[in-house]
1. Which strands (runs of 3 or more DSSP E) sit wholly inside region 244-343 and have at least 2 residues that are touching a Pro at 6+ places or on another chain (Cβ under 9 Å) and either open to solvent by 10 Å² or more (accessible area, probe 1.4 Å) or touching a residue at least 60 places away in the same chain (Cβ under 8 Å) (or both)?
2. State which residue pairs qualify: first residue more than 15 Å from L187 (Cα to Cα) and free of Cβ contacts under 8 Å to residues at least 40 places away in the same chain and inside region 203-231, second residue open to solvent by 80 Å² or more (accessible area, probe 1.4 Å) and in a helix (DSSP H, G or I) in any location, beta carbons under 7 Å apart, and separation of 6 or more residues or different chains.
3. Among the residues of region 63-70, is there at least one that is over 21 Å from G266 (Cβ atoms) and free of Cβ contacts under 8 Å to residues at least 12 places away in the same chain?
4. Could you check region 12-22 and list, in sequence order, the residues that are part of a loop (DSSP other than H, G, I, E, B), touching a residue at least 24 places away in the same chain (Cβ under 8 Å) and either open to solvent by 50 Å² or more (accessible area, probe 1.4 Å) or of a type in the set (G, A, S) (or both)?
5. Identify, from the list V183, V129, V98, the residue that is in contact with a Leu (Cβ under 6 Å, 6 or more places away or on another chain) and either open to solvent by less than 10 Å² (accessible area, probe 1.4 Å) or closer than 20 Å to G266 by Cα (or both).
6. Can you tell me how many residues within region 287-332 are basic (K, R) and within 18 Å of L185 (Cα to Cα)?
7. Could you tell me whether region 64-78 includes any residue that is over 21 Å from F318 (Cβ atoms), under 16 Å from the mean Cα position of the chain (by Cα) and not in a loop (DSSP other than H, G, I, E, B)?
8. Taking region 23-46 on its own, how many of its residues are under 24 Å from R333 (Cα atoms), in contact with a strand residue (DSSP E or B) (Cβ under 8 Å, 6 or more places away or on another chain), open to solvent by less than 10 Å² (accessible area, probe 1.4 Å) and not in a loop (DSSP other than H, G, I, E, B)?
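The values are calculated or read from the model by the stated rules, or taken from the named source; none is laboratory data. Just so you know, these numbers come straight off a predicted model, no measurement behind them. Using ideal geometry, Cβ is built from the backbone for each residue, glycine included, and neighbour counts are taken over all protein chains shown. We work out accessible area using only protein heavy atoms, side chains counted, and drop any ligands, DNA or RNA first. Shrake-Rupley method; radii C 1.70, N 1.55, O 1.52, S 1.80 Å.
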Amino acid sequence: MRSMRIVGHGGLDVLQPANVAVPAPRPGEVLVQVSAVALNNTDLWTRQGAYGRPEDMNALSGWRGPIDFPRIQGADVAGRVVAAGTDSGRNLVGRRVVVDPAIYDSDRPDANPVGLMGSERDGGYAEYVTAPEERVHDMTDSPLTDAQLASLPTAYGTALGMIERGRLRAGETALISGASGGVGLALVQIARARGARVLAISSGSKVEPVHDAGAHEVVDRAQDIVGQVRTAAPEGIDVALDVVAGDLVREGLPLLREGGRWVIAGALGGHQIAFDVRRLYLHNAQVIGSSMHTPTHFDLLMGMARRAEIQPVVAATFPLGEAARAQAELARRNHVGKIVLHP
């Protein structure tokens, strides 16, 4: 089969085409013919080795540690099951599916992700990929397109995990950073569906699509963010859903109302920050780290997708062989929504 693999950490040149054997599903696995695979920042950072390690923040590393190269990238897969490793998976053969890309630390419904398809195991930048039966979700009846379904796992899973861990409730005010990106748009859509008042941070050129996704107001990131938020929400915000971090955390914590929650799931603005801890303990505020989703969160997400309660925005599509060009486009951040490859 055709595939795109990284042969080491580095620039776009380490992402290379390769003809490899179609993987055989092991007991408890199924074989999925990939129809669409969406790109994420995790693809860029895994290729670059940008995650660091607990003992060395500057170490080259995959999502959760050293990578066995070569590695087929791609966490977000939609396709059809064409074979099963055991009888228990045969009921999935022929079904249109989405794969939960997380590798969990247990079989509990609230398990934590400790690995990721495309980093700790081969992913979907290929014509076929294997996946555990219990991580394959039947989406045959969903009205969403394959490209939209492929846009869900990491971006919408991460967004729903942030919202669940941040305990966002109807009637609360949510501040969303990076609102024009894949996770950001997902946050806007899901927070709006939850009945929250949504304040989104984005660039001026992307205001309209962020509004269309459900934001009540959009703050221009090129201007005084804190001043704009204070004007839009003079009583403060209840939950910040942040994929940017950096100076935004230090400057934004005083915006939280009593008992507010600041949820972080990315560091586009920088991963080393300093802030006044008095803003936490004096106001019963919380800073919460959120990494992707739990199995329960993913089940909720798939239910929303079957009912078309969310509508992923596909910004562009590329053929599989142009994965490097697609990653370059993702890194430029000029798009709104998701970039998708079609094998």
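1. 338-342
2. V226/E251
3. yes
4. Answer for region 12-22, where residues must be part of a loop (DSSP other than H, G, I, E, B), touching a residue at least 24 places away in the same chain (Cβ under 8 Å) and either open to solvent by 50 Å² or more (accessible area, probe 1.4 Å) or of a type in the set (G, A, S) (or both): just V22.
5. Sole residue among the options that is in contact with a Leu (Cβ under 6 Å, 6 or more places away or on another chain) and either open to solvent by less than 10 Å² (accessible area, probe 1.4 Å) or closer than 20 Å to G266 by Cα (or both): V98.
6. The number of residues fulfilling the criteria is 1.
7. no
8. 5
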